[in-house]
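Down below is the structure, laid out as C-alpha cells.
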Amino acid sequence: MIGRAAAIARRDLVATFVSPFGIGCTAAFAALSGVLLVVDLRAGEARLDQWFAALFVALGLLAALLSTRAFADEERTGSLELLLTAPVSAWHIVIGKLVGLGGVVVAVVVATLACPWLVAQMGDPDRGPIFTGYAGMLLLGVAFVAVGIAVSASTANPLVSAAGSAGILAALWLCGVLAGGLHGVAQQVLRSISPASHVTGFMRGTLGAADVTYFVSLTVLAVASARWTIRARR
C-alpha cells in the first residue's frame, strides 16, 4: 500500500512540476521573490523578515492554485474515476496527493534560495532567521496545500476549488487581523486559529513548539477531511 501511495505521489509530482503550469508557477514565484527582495531591502540592512512575510502570503495563493490539480482537475479530465476505483485506500490516495504536491512546494521554495545568497554576498545577515524562515515556508506550504486538497476533493470545478481554498486560507489569515481589535477569550481564539499569528516566530529566528504544532495539526485535520470526503465519494 505504501508503494501505491508513493506511485500516486510520484505521478502527481511529475505531472505538475514538469508541466507548463508547474514550471510557470515555479518561475513566477522565483521572480516574485526577487522583486520582493528589491522592494523590502533597505540600505545598510541585511534583514529578510519582511521578505519572508510577503512570501508566506504568496505561498498561500500558490498552494490554492496547485491543489486544484489534486482532485478537481482530475475529475474534469476523467482520470479521477480510475483512481477512486483502484485497489488502494482513501488514506493512501490523500497521502500520495499531499506528498506529490508537497514536493512541488519544496521545489518552489528551493527556487528562492538565490535571494538570501545574494543578500549574504552584500552583507552579513543573521542565518538563524533565514533557516527558520524557510522552515516556516515549508510547514506553511504543506499545510496550505493540505487545506486545498480537502477543498479540491469536494468539487469537480477547478475554479471553485481554487476560489474555495483561497477563501478559506484568507479567512483564517484575517482572523489574526480581527483579533487585534478584540479582547479576552475571543482575541485568544482568533489568534490561535490564524496562521498570521504563527509565522512571526519563524521570521524572528525561533522554532516555537506551538507554531510547529499549529501547522502540523492543520495538515492532519485537512488530510482527515479529504480522506472522509473521498471515502464518501467511492
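The values are calculated or read from the model by the stated rules, or taken from the named source; none is laboratory data. Since this is a predicted model, take the numbers as computed values, not measurements. Backbone-built Cβ (ideal geometry, glycine too); neighbour counts: all protein chains shown.
Filtering segment 180-234 to residues that are of a type in the set (D, E, K, R), modelled with pLDDT of 85 or more and under 26 Å from T132 (Cα atoms) leaves R204, D211. The set of residues in segment 143-158 being at pLDDT 85 or above and assigned to a helix (DSSP H, G or I) consists of A143, F144, V145, A146, V147, G148, I149, A150, V151, S152. Of the helices (runs of 4 or more DSSP H) entirely within segment 68-142, those holding at least 1 residues that are among the charged types (D, E, K, R) and surrounded by fewer than 17 Cβ atoms within 10 Å (Cβ to Cβ) occupy 72-77, 80-84. Would it be correct to say that T206 is of a type in the set (V, I, T), surrounded by 20 or more Cβ atoms within 10 Å (Cβ to Cβ), out of contact with any Asp or Glu (no Cβ under 8 Å at 6 or more places or on another chain) and under 18 Å from Q50 (Cα atoms)? Spelling it out, it is not the case that T206 is of a type in the set (V, I, T), surrounded by 20 or more Cβ atoms within 10 Å (Cβ to Cβ), out of contact with any Asp or Glu (no Cβ under 8 Å at 6 or more places or on another chain) and under 18 Å from Q50 (Cα atoms).
Residues in segment 63-85 that are of a type in the set (A, V, I, L, M, F, W, C) and in contact (Cβ under 8 Å) with a residue 60 or more places away in the chain: A63, A64, L65, L66, A70, F71, A72, L83, L84. Taking segment 143-169 as the range and being in contact with a Lys or Arg (Cβ under 7 Å, 6 or more places away or on another chain) and surrounded by fewer than 17 Cβ atoms within 10 Å (Cβ to Cβ) as the test, only A156 passes. Would you be able to say whether some residue in segment 182-197 is assigned to a loop (DSSP other than H, G, I, E, B), buried (at least 17 other Cβ atoms within 10 Å of the Cβ) and out of contact with any His (no Cβ under 9 Å at 6 or more places or on another chain)? Looking for residues that are assigned to a loop (DSSP other than H, G, I, E, B), buried (at least 17 other Cβ atoms within 10 Å of the Cβ) and out of contact with any His (no Cβ under 9 Å at 6 or more places or on another chain), one finds at least one in segment 182-197, hence yes. Checking each residue in segment 131-162 for being within 12 Å of A72 (Cα to Cα) and of a type outside the set (S, T, Y) picks out G148, I149, A150, V151, A153, A156, N157, P158, L159, V160, A162.
Regarding S165, is this residue among the hydroxyl-bearing types (S, T, Y) and part of a helix (DSSP H, G or I)? Answer is yes for this residue.
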